[in-house]
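Quick notes on the structure that follows.
The values are calculated or read from the model by the stated rules, or taken from the named source; none is laboratory data. As the structure is a computational prediction, the values presented were derived from the model and not from experiment. Please note: Cβ atoms are built from the backbone with ideal geometry, for glycine as well, and neighbour counts cover all protein chains shown. All accessible areas refer to the heavy atoms of the entire protein, side chains included, with ligands and DNA or RNA removed. Shrake-Rupley method; radii C 1.70, N 1.55, O 1.52, S 1.80 Å.
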Amino acid sequence: MIKIGILGDIGSGKTFIARNFGCPIFNADLEVSKVYKNNKSIYKKLKKKFPNNISSFPIKKKEIGEAILEKKNNLIKIVRIVHPIIRIKMNNFLKKNKNKKIVLLDVPLLLENNLNKENYILIFIKAKRKDILKRLKQRSNYNPKLFNKLRKLQLPLEIKKKKSDYIIENNFKSFSIKKSVKILKKKILKK
């Protein structure tokens, strides 16, 4: 099984590009949303830590955002509660898809949380800052303070780029992305 980690800035189009590979994808953001919606145990832990922010189950992302912005180290506390279950879900995903040729890991903190192994192929999604900002502003939950705080958790983009095996330039044009992914997928399968 070839494991591909997708790296890049928040809003650079990692999920869109991952989908174009046509392979099973572990999307950590989606899994976190499911945890907030379905996991009462995580809700109880977060409610206990942040009684002024978390009001009811299912957990609302807006409340998580408010907790993150309230105090400097709240984000770290949330990560410590939520990430262990996401790590378990990722391991289960890898076991379930062990017979697939390629799987993709769309995990924002893949390097930061040491989730990547030496045999992972890393692809960096490069996008222009102005295009990223334009896309982020279109999101209903866009909060510049929150995005900056989340960005600070991540390694600098230059480091992610240097650690990557390949770079895909995302111009946010579907046709050229599909073509780039097709060429890269062939190259990876030949290795």
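Summary table below
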| read-out | value |
| --- | --- |
| Nitroxide proxy distance, nm - points 7 Å out along Cα→Cβ at Asn148 and Lys182 | 4.2 |
| Probe 1.4 Å, accessible area per residue of region 99-160, Å² | 62 |
| D_trans [Stokes-Einstein, Kirkwood Rh over alpha-carbon pairs] for the chain, 10 °C, 1.306 mPa s, µm² s⁻¹ | 90 |
| Cross-link pairs Lys3/Lys130; Lys100/Lys185; Lys152/Lys178; Lys3/Lys89; Lys61/Lys126 - those with Cα-Cα distance over 21 Å | Lys3/Lys130; Lys152/Lys178; Lys61/Lys126 |
| Apportionment of accessible area to carbon and sulfur, the chain, percent (1.4 Å) | 53 |
| When region 62-112 is reduced to its Cα atoms, the Kirkwood hydrodynamic radius in Å | 13.0 |
| Whole-percent pair-distance distribution, where bins are 10 Å wide, for the alpha carbons of region 1-89 | 15, 43, 29, 13, 1 |
| Violating pairs (Cα-Cα greater than 29 angstrom) within the set Lys134/Lys182; Lys149/Lys187; Lys117/Lys137 | Lys149/Lys187; Lys117/Lys137 |
| The chain: relative contact order as a whole-number percent, Cα under 8 Å and 6+ apart | 38 |
| Cβ-Cβ FRET estimate between Lys61 and Asn114, R0 fixed at 35 Å, reported to 0.05 | 0.85 |
| Mean Kyte hydropathy of -1.0 or more with a Cα span along the axis of at least 30 Å, helices from DSSP in the chain | 74-96 |
| Selection of trypsin sites (Lys or Arg not before Pro), region 17-93, meeting DSSP coil and at most 12 other Cβ within 10 Å | Lys71, Lys72 |
| Whole-angstrom gap from region 1-49 to region 88-110, using each part's C-alpha centre | 11 |
| Mean residue ellipticity (222 nm) of the chain, computed from DSSP H runs ≥ 4 via -39,500 (n - 2.57), nearest 500 | -16500 deg cm²/dmol |
| Region 98-191, relative contact order in percent, only Cα pairs under 8 angstrom and at least six apart counted | 40 |
